[in-house]
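Before any comments, here is the structure.
The values are calculated or read from the model by the stated rules, or taken from the named source; none is laboratory data. From a predicted model like this one, the values you see are computed outputs, not experimental measurements. Every residue, glycine as well, gets a Cβ built from its backbone with ideal geometry; the counts of neighbours run over all protein chains shown.
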Amino acid sequence: MTTGLPLLTCPSCGRAMISAGGDQPRLTATSFENCGRRCKSCGIGASNALGSQSVTYIHRDPLTNIPEQSREGALEALSAALNIRSRGTKRSRFGFSTSEDAVTRVVLTYLMRSKLLLKTLQNVQLAAPDAGHIEPTLLLWGVPVEPTTSGASLRARLSAQCTALGEDKKRMSEPDVIVDLGGQGIVFIEVKYLSGNDKKSSSYAGWEKYESVGALGWEFTEVKESGCYELTRNWCC
């Protein structure tokens, strides 16, 4: 029952979180409103996990889960994500302390706006050391971070490629991060935070539409056996 949840303090203000009270069953919290412990002044709830190490903090306003410097345009980007069916879920989970998308937004927009994105890619050997003074074009979830012609063109190309592969128009492949380095190439990054790669069995029907991309020179049987379905979708795009 929610009344049996251990007391916690708010991660923002440090005051005790108030129990929602009542004798309702201890259900999985999916929003601030159904958290059993809440700080109403900060708009932060704690999930209904019993162990303090397992608790996820859920923000009533998803934007308060990230620093102010990263908030501009964040919700608009989530609402324009290439995978239409995931938009609502992405927005609600953006307010979770465990949000992969929140981490992605904060880190990548900081690197771009601090002019450190190219240097970072060079440091991890994803961009050539002699790349010069390229201004990278950054897309998160298929959405340009800045409203540029190159960003809009890249999104259109991604959408067209997904359509050519026969993907559902409401469930297109949506790489977490795309960085266009112009003549140096395009970098795709699949972000993982507290989760593993999406894997499917080799008998999963979805593999068929990507097997046709023969120009990539894969041993597709081995690709399927690896189970790395999400990575395969992104590579084909």
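Structure notes:
- Consider the range 75-93 and keep the residues that are more than 26 Å from Gly43 (Cα to Cα) and not aliphatic (A, V, I, L, M). The one that is surrounded by the most Cβ atoms within 10 Å (Cβ to Cβ) is Asn83.
- Single residue of the range 164-188 satisfying the filter (within 18 Å of Leu138 (Cβ to Cβ) and free of Cβ contacts under 8 Å to residues at least 60 places away in the same chain) that is farthest from the chain's Cα centre (by Cα): Gly183
- Answer residue from the range 94-114, given it is outside any helix (DSSP H, G or I) and of a type in the set (A, V, I, L, M, F, W, C) and is surrounded by the most Cβ atoms within 10 Å (Cβ to Cβ) among those: Phe94
- Residues located in the range 167-176, provided they are surrounded by fewer than 17 Cβ atoms within 10 Å (Cβ to Cβ) and farther than 20 Å from Glu211 by Cβ: Lys169, Lys170
Quick grid of which residues meet (1) without any contact (Cβ under 8 Å) to a residue 60 or more places away in the chain; (2) farther than 27 Å from Pro175 by Cβ; (3) among the polar types (S, T, N, Q):
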position	(1), (2), (3)
Pro6	yes, yes, no
Arg85	no, no, no
Arg91	yes, no, no
Val106	yes, no, no
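- Checking Lys224 against (1) touching a helix residue (DSSP H, G or I) at 6+ places or on another chain (Cβ under 8 Å); (2) outside any helix (DSSP H, G or I); (3) at pLDDT 85 or above, the condition it does not meet: (2)
- Filter pass, Tyr210 being aromatic (Phe, Trp, Tyr), out of contact with any strand residue (DSSP E or B) (no Cβ under 6 Å at 6 or more places or on another chain) and touching a residue at least 40 places away in the same chain (Cβ under 8 Å): yes
- Every residue from the range 115-151 that is exposed (fewer than 13 other Cβ atoms within 10 Å of the Cβ) and within 21 Å of the chain's Cα centre (by Cα): Leu116, Val124, Pro147
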